[in-house]
1. Can we say residue 49 is within 30 Å of residue 251 (Cβ to Cβ) and among the small types (Gly, Ala, Ser)?
2. Every residue in the range 207-228 that is of a type in the set (Val, Ile, Thr) and buried (at least 21 other Cβ atoms within 10 Å of the Cβ), please.
3. Collect the residues in the range 21-62 that are under 28 Å from the mean Cα position of the chain (by Cα) and open to solvent by less than 50 Å² (accessible area, probe 1.4 Å), keeping them in residue-number order.
4. Quick check on residue 118: is it under 16 Å from residue 93 (Cα atoms) and over 20 Å from the mean Cα position of the chain (by Cα)?
5. Take residues that are surrounded by fewer than 13 Cβ atoms within 10 Å (Cβ to Cβ) and tell me which of the helices (runs of 4 or more DSSP H) falling wholly in the range 84-170 contain 2 or more.
6. Output the qualifying pairs, or none if there are none: Cβ atoms under 8 angstrom, residues six or more apart or on different chains, first residue in the range 52-77 and part of a loop (DSSP other than H, G, I, E, B), second residue surrounded by 13 or more Cβ atoms within 10 Å (Cβ to Cβ) and of a type in the set (D, E, K, R).
Amino acid sequence: MSDKNKPDISPEHREFLRRVKRKKQIILITQIAVLILFFAFWELAAEVGLIDPFISSQPSRIVNTIVSLYRNGELFHHVIVTCVETVLGFVLGTLIGILIAIILWWSEFLEKVLEPYLVVLNSLPKIALGPIFIVWIGAGPAAIVVIAMTISVVVTILEVLNGFLGVDGDKIKLVKTFKANKVQILTKVVLPSSLPVMVNALKVSVGLSWVGVIVGEFLVSKAGLGYLIVYGGQVFQLDLVMASVVILAAAAFLMYRAVAWFEKLVVKRK
């Protein structure tokens with residue numbers, strides 16, 4: 001239903017909504033214009049010799065490389081491999097992180113005991129654990145998924161646990177007066193109140209999952225966008241490297257937008 005068809009909206013409110021919508025449209029147009037200008041300047045600078053296209057590539061060469069990958073039947077294979085690994089690492093990291101956060105909220109003793117270890121794990125460069133996982137699990141997609149999961153799970157635990165602990169204490173006291181048990185407090189108060197925090201943790205985990213997968217593919221992979229980046233760098237095909245980076249950026253953006261759409265869905269239902 002459009003704003004004009006809503007009988008309960010005043011003319012002033014309708015005008016306010018129109019201004020908000022116009023502002024969003026201007027921001028979107030500006031974002032697209034900045035992107036177009038960036039690629040246009042990049043192309044022009046390479047053409048006139050301001051930058052070396054062999055070192056920095058250029059948009060037209062990137063497009064040609066992507067088309068070549070598509071014609072060779074390699075494009076979707078590498079994209080799908082990386083996307084599947086990322087989604088698996090993201091989902092597993094999120095589910096395990098939320099589950100552990102619930103356990104720590106449930107047991108104050110465990111939360112106090114494990115808090116310093118979680119802080120240390122969060123500060124630890126988890127990328128350094130990649131070679132260890134490869135030795136333990138083997139050189140394959142499973143190790144890459146575990147690396148991605150490990151990078152995102154600790155952040156998810158800390159984010160969600162802080163959300164649980166930050167729930168309004170008066171709400172919990174209120175349901176306790178009605179003899180609510182801990183399961184009811186969790187399902188009726190804590191989880192619904194922490195939905196925005198959990199969704200925000202998802203948005204953080206998206207980027208971390210991509211980092212984990214690409215690092216894993218750097219270390220051990222025979223397919224994927226990370227593999228193309230490493231291979232292109234080894235054989236000095238910078239066009240392939242930049243094309244892989246552009247595809248990676250587009251895929252990461254789409255996944256982030258999917259999480260943002262999920263956030264709007266959750267907020268509306270809430």
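1. No: the conditions fail for residue 49.
2. Those that are of a type in the set (Val, Ile, Thr) and buried (at least 21 other Cβ atoms within 10 Å of the Cβ): 213, 214.
3. Once the filter is applied, which keeps residues that are under 28 Å from the mean Cα position of the chain (by Cα) and open to solvent by less than 50 Å² (accessible area, probe 1.4 Å), the range 21-62 yields 33, 42, 56, 57, 58, 59, 62.
4. When the stated conditions are applied, residue 118 passes them.
5. Per the criteria, 108-123, 130-137.
6. That search, which allows pairs on different chains as well, returns 57/239; 58/43.
The values are calculated or read from the model by the stated rules, or taken from the named source; none is laboratory data. Given the structure is predicted, the values throughout are model-derived calculations rather than measurements. Note: ideal-geometry Cβ built from the backbone for every residue, glycine included; neighbour counts use all protein chains shown. We work out accessible area using only protein heavy atoms, side chains counted, and drop any ligands, DNA or RNA first. Shrake-Rupley method; radii C 1.70, N 1.55, O 1.52, S 1.80 Å.
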